[in-house]
Amino acid sequence: MAMTRVRWVLPGLLGGLLSCSGGGSSSPVDATVAADATLDAGAGGDDVPARVCRSGRAFSSETPSFRGGAETAAAWGLGEVVGKRLATGDLDNDGYPDLIVWTDAVNARTDFSLSPAQYNTRVLLNRPREGGGRRFVEATQMSQFLSLRTPVEGRGRFVTTVAFADIDNDGDLDAYTGTIPTVMPAAGQSPDPGDRGTILLNNGQGVFSVGPESDATPGPGDAPQTIGAVFLDHNADGQIDLFVGYHAATFGLPIGQQSQLFAGAGDGRFTEVTAEANLLLERSNASLNEVTNNRPLYGISACDVNGDGRLDLIGAAYGRQFNLLMTSEGSAFRDESAESGVGGDENRNPADNLTYQCYCAANPGRCPSTVPAPRTGQCGANGAGPRGTWRAGIDDAPWRLNGNTFSIACGDVDNDGDIDLYTGEIAHPDVGLNSDKAELLVNESDASGAHFRRPGRSATGLVPPVSNTDEGILSNAMFDFDNDGRLDVWAGGSDYPRMRGWLFHQNEDGRFSEVSAAAGIVHACPVGTAIADFDRDGDLDVVLATSLMRTCSAEWMGRSSVRIYENLSEEQNWLQVRLVGRGAGGANRAGLGARVRVTAGGVTQTREIQGNWGIAGVGAELVAHFGLGSHCDIEQVEVRWPDAQGTVETFRAVRANHEIELRQGERQVRYVTPRP
């Protein structure tokens, strides 16, 4: 295991002893140091690292921010890797984030008799590269990540969803994996292997064992369509809980399967508490119009939208239905899906929907006279349109006039201290403007409840540079790629023609500019996303996985479809914050759900410790990353811990351009420098 060097600093001492020039130092602080770490006094004194100040030069389209392509992928060990989905986290506790890559193959267990390049799911550990740098190495079988409860020789578990957290509060990342089983497979598909939701416990070195059976691990008789899952501590008891969202039992049905909340016991066992938490929804047709029905969900996110210290649950709904927003009230949740503005935009007019226009043309007098007539040749027999026959009373109902949402990312995009949202949607040009497209939702919540404003894509600049085509944004994220202190937006494309990933840079005025090619990321059909500082140089790298469906197969023929885009943004200042909670009775060990606020140059940025989100678990490590722009002196770091008391701790005069670790209640700053 790689070692890290740590420096402990008392924040109270720093405020009086240090100037911007990095002068004096205090006496060494006694502390218990992990067995895989050694103390290092550092260049700035016995326990304070030297002041580092970067130039602060801003992003320029003349100099790419990312290095990618086949050569970079090969150097990182990804030259033969094919995959559609990604998750990331530091699996072996060496300080570097690792990768899980999977293909989304239906009902397919991994066959270990094949070469690793043909595995359906792979575990890739981040290791030093000979001659310098980093690379990913094959560790699927060694990790036992695909273990079966009842082992089958040469086979590994079927996986379609991954989420990470420290379930047992022992200092390492455990996992949940879910599946999308097809109980009655189509011709040519594999039979259902019976694999379902599984808890995996880590031994601290990246080797996993199957956790105990509980409510969160259903048997083959159940068929939950698990496409999104998140960990959280919903009751702030210091134990990790699990929320799992499901799609419909049969694709296309309007009523989804009931999502479930499981309370963790701290040892890998979970008890379902969906009803007790007021998360039960309805399965009647009447519930559709009342917006009280289970929705067919793709992505699940958990973030604190109303700032009360408790994580709220967000579900990305398919089938033009209202997205789900369940805000926490402590032990239970309140449904604010429709009234908050998260459910969908206000456009409920289907007049520009071509299928509706065809119906109106074939049925005079049944539609308002303001509905435009379709052009000649656009409609089929009996008034059928591109989406089939319009169903009056259903397709014009409010619950059918929202979006096809796949992922919803959380982040304080305007640095005003609350959490905004960015939705990822599929929209088709023939359906018209009433089908929601990917856009920014600005948080304006107050004491009366959760409220979000949709300023519109033209106002924000978040408009993909394509038109009159099927638009698909499946895996999205908000992160500061150039370390200027403003969150940027990643809109991961789909497998529709002309779709690729779009990187939007946030300018000083708050508007966004599309800079994918200029920044160095040109990637078709990227449906899987993992964002982390994979080389620990202070900026966020991007790994993308690729769909090979539709036109994408020809686009990627004969090439590795998982690529890393290595961030080269070395001019701006930064800080990374890793948290360690007390566990049971305090905050959960990984600090999941904590809110971190960093003030530098008079500007305060807000981040939440958030694991995965969105479809299948868009990946990010449990570290809060802050770009600081030209500011290399930090006035304050504030942590609101996710415990029952809402404990707030403040640290002053923290050094920039370092990763720090903050342990709940110890009032010390730990500077962490990973070994090369």
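How many of the residues in segment 320-342 are under 19 Å from Glu439 (Cβ atoms) and small (Gly, Ala, Ser)?
Number satisfying all stated conditions: 4.
So, in segment 429-452, of the ones that are among the charged types (D, E, K, R) and under 22 Å from the mean Cα position of the chain (by Cα), which residue ends up farthest from Ala317 (Cα to Cα)? I'd like the intermediate steps shown before the answer.
Initially, segment 429-452 is screened for residues among the charged types (D, E, K, R), giving 430, 436-437, 439, 444, 446.
Narrowing further to those that are under 22 Å from the mean Cα position of the chain (by Cα): 436-437, 439.
On the way: Asp436: 12, Lys437: 13, Glu439: 15 Å.
The residue in question is Glu439.
Which residues, taken from segment 468-526, are without any contact (Cβ under 8 Å) to a residue 40 or more places away in the chain and open to solvent by less than 10 Å² (accessible area, probe 1.4 Å)?
Answer for segment 468-526, where residues must be without any contact (Cβ under 8 Å) to a residue 40 or more places away in the chain and open to solvent by less than 10 Å² (accessible area, probe 1.4 Å): Asp488, Gly493, Met499, Trp502, Leu503, Ser516, Cys525.
Out of segment 226-270, which residues are open to solvent by less than 10 Å² (accessible area, probe 1.4 Å), among the acidic types (Asp, Glu) and either under 17 Å from Pro296 (Cβ atoms) or in a loop (DSSP other than H, G, I, E, B) (or both)?
Result: no residue meets the conditions.
Kindly indicate which of Val431, Val466 is assigned to a loop (DSSP other than H, G, I, E, B), at pLDDT below 95 and not small (Gly, Ala, Ser). Steps first, answer last, please.
Working: Val431 fails: at pLDDT below 95.
After ruling out the rest, the residue left standing is Val466.
So which residues in segment 614-645 are closer than 12 Å to Gly601 by Cβ and either touching a helix residue (DSSP H, G or I) at 6+ places or on another chain (Cβ under 7 Å) or among the β-branched types (Val, Ile, Thr) (or both)?
Hit for segment 614-645 is Ile634, nothing else.
Yes/no matrix, rows are residues, columns are (1) within 23 Å of Thr160 (Cα to Cα); (2) acidic (Asp, Glu); (3) in a strand (DSSP E or B):
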position	(1), (2), (3)
Ser55	no, no, no
Ala58	no, no, no
Thr63	no, no, no
Glu71	no, yes, no
Val82	yes, no, no
Leu86	yes, no, yes
Asp94	no, yes, no
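Between Leu313, Leu280, which is open to solvent by less than 10 Å² (accessible area, probe 1.4 Å) and at pLDDT 95 or above? Walk me through how you get there before you give the answer.
On the way: Leu280 fails: open to solvent by less than 10 Å² (accessible area, probe 1.4 Å).
Every option except Leu313 fails the conditions.
How many residues are assigned to a strand (DSSP E or B) and closer than 19 Å to Ala87 by Cα if we restrict to segment 503-535?
So the first thing to find is which residues in segment 503-535 are assigned to a strand (DSSP E or B), and the list is 503-506, 512-514, 524, 526-532.
Cutting the leftovers down to closer than 19 Å to Ala87 by Cα gives us 526-532.
Qualifying residue count for the region: 7.
Go through Glu272, Glu276, Glu282 for me and flag whichever is under 25 Å from the mean Cα position of the chain (by Cα) and touching a residue at least 12 places away in the same chain (Cβ under 8 Å). Break it down stepwise before answering.
Working: Glu276 fails: under 25 Å from the mean Cα position of the chain (by Cα); Glu282 fails: under 25 Å from the mean Cα position of the chain (by Cα).
Criteria check complete, one pass: Glu272.
State the number of residues belonging to segment 113-151 that are open to solvent by 60 Å² or more (accessible area, probe 1.4 Å) and within 20 Å of Val210 (Cα to Cα).
Within segment 113-151, the subset open to solvent by 60 Å² or more (accessible area, probe 1.4 Å) is 113-114, 118, 127-131, 135, 138, 141-142, 144, 149-151.
Then drop every residue that is not within 20 Å of Val210 (Cα to Cα), which leaves 141-142, 144, 149-151.
Of the residues in that region, 6 qualify.
Looking at Phe164, Phe145, Phe136 in this structure, which one is part of a loop (DSSP other than H, G, I, E, B) and among the aromatic types (Phe, Trp, Tyr)?
Values: Phe164 fails: part of a loop (DSSP other than H, G, I, E, B); Phe136 fails: part of a loop (DSSP other than H, G, I, E, B).
The unique qualifying residue is Phe145.
Would segment 169-181 turn up any residue that is open to solvent by 10 Å² or more (accessible area, probe 1.4 Å), among the aromatic types (Phe, Trp, Tyr) and out of contact with any Ser or Thr (no Cβ under 6 Å at 6 or more places or on another chain)?
Scanning segment 169-181 turns up no residue that is open to solvent by 10 Å² or more (accessible area, probe 1.4 Å), among the aromatic types (Phe, Trp, Tyr) and out of contact with any Ser or Thr (no Cβ under 6 Å at 6 or more places or on another chain).
Going residue by residue through segment 488-500, is there one that turns out to be touching a helix residue (DSSP H, G or I) at 6+ places or on another chain (Cβ under 8 Å) and in a strand (DSSP E or B)?
First, pick out the residues of segment 488-500 that are touching a helix residue (DSSP H, G or I) at 6+ places or on another chain (Cβ under 8 Å): 495, 500.
Those still in the list that are in a strand (DSSP E or B) too: 500.
So far as segment 488-500 goes, yes, one or more of its residues are touching a helix residue (DSSP H, G or I) at 6+ places or on another chain (Cβ under 8 Å) and in a strand (DSSP E or B).
Kindly indicate whether any position in segment 548-560 is open to solvent by less than 10 Å² (accessible area, probe 1.4 Å), among the aliphatic types (A, V, I, L, M) and in contact (Cβ under 8 Å) with a residue 12 or more places away in the chain. Quick ask: steps written out before the conclusion?
Our first condition is that a residue be open to solvent by less than 10 Å² (accessible area, probe 1.4 Å); within segment 548-560, this holds for 552.
With the extra rule that they be among the aliphatic types (A, V, I, L, M), the set shrinks to none.
Checking segment 548-560: not a single residue is open to solvent by less than 10 Å² (accessible area, probe 1.4 Å), among the aliphatic types (A, V, I, L, M) and in contact (Cβ under 8 Å) with a residue 12 or more places away in the chain.
Just give me the residues in segment 328-358 being assigned to a loop (DSSP other than H, G, I, E, B) and either surrounded by fewer than 17 Cβ atoms within 10 Å (Cβ to Cβ) or among the β-branched types (Val, Ile, Thr) (or both), in sequence order. If you could, list the steps in order and put the result at the bottom.
Taking segment 328-358 first, the residues assigned to a loop (DSSP other than H, G, I, E, B) are 329-332, 336-353.
Listed by number, the residues that qualify are Glu329, Gly330, Ser331, Ala332, Glu339, Val342, Glu346, Asn347, Arg348, Asn349, Ala351.
Within segment 570-609, take every residue that is farther than 21 Å from Arg670 by Cα and touching a strand residue (DSSP E or B) at 6+ places or on another chain (Cβ under 6 Å) and give me the one that is least open to solvent (accessible area, probe 1.4 Å). Even if it seems obvious, please write down each step before you answer.
If we filter segment 570-609 for residues that are farther than 21 Å from Arg670 by Cα, which is where we start, we get 570-572, 584-585, 601-604.
Next, only the ones that are touching a strand residue (DSSP E or B) at 6+ places or on another chain (Cβ under 6 Å) stay: 572, 604.
Details: Gln572: 9, Thr604: 39 Å².
Only one residue fits best here, namely Gln572.
What single numbered condition from (1) in contact (Cβ under 8 Å) with a residue 24 or more places away in the chain; (2) over 23 Å from Thr88 (Cα atoms) fails to hold for Ala186?
(1)
Restricting to segment 210-221, what's the tally of residues that are open to solvent by 60 Å² or more (accessible area, probe 1.4 Å) and under 17 Å from Gly266 (Cβ atoms)?
Here is the first cut: in segment 210-221, the residues open to solvent by 60 Å² or more (accessible area, probe 1.4 Å) are 213, 215, 220-221.
Now restrict to residues that are under 17 Å from Gly266 (Cβ atoms): 213, 215.
Residues in segment 210-221 being open to solvent by 60 Å² or more (accessible area, probe 1.4 Å) and under 17 Å from Gly266 (Cβ atoms): 2 in total.
Considering only segment 316-323, I want to know if a residue exists there that is in a loop (DSSP other than H, G, I, E, B), more than 20 Å from Leu474 (Cβ to Cβ) and of a type in the set (Lys, Arg).
Checked against the condition, which is being in a loop (DSSP other than H, G, I, E, B), more than 20 Å from Leu474 (Cβ to Cβ) and of a type in the set (Lys, Arg), segment 316-323 yields no hits at all.
Pull out all pairs, ordered by first then second residue, where Cβ-Cβ is under 8 Å, the residues are six or more apart or on different chains, the first lies in segment 365-378 and is loosely packed, with under 10 Cβ neighbours inside 10 Å, and the second is in a loop (DSSP other than H, G, I, E, B) and at pLDDT 95 or above.
Pro368/Ala351; Thr370/Ala351
Looking only at segment 561-575, which residues are of a type outside the set (Gly, Ala, Ser), farther than 13 Å from His523 by Cβ and not in a strand (DSSP E or B)?
Leu568, Glu570, Glu571, Gln572
Restricting to segment 322-363, give me the number of residues that are closer than 21 Å to Pro455 by Cα and within 22 Å of the chain's Cα centre (by Cα).
Going through segment 322-363 one residue at a time, the tally reaches 11.
The values are calculated or read from the model by the stated rules, or taken from the named source; none is laboratory data. Here the structure is a predicted model, which means the values were calculated and not measured. Please note: Cβ atoms are built from the backbone with ideal geometry, for glycine as well, and neighbour counts cover all protein chains shown. We work out accessible area using only protein heavy atoms, side chains counted, and drop any ligands, DNA or RNA first. Shrake-Rupley method; radii C 1.70, N 1.55, O 1.52, S 1.80 Å.
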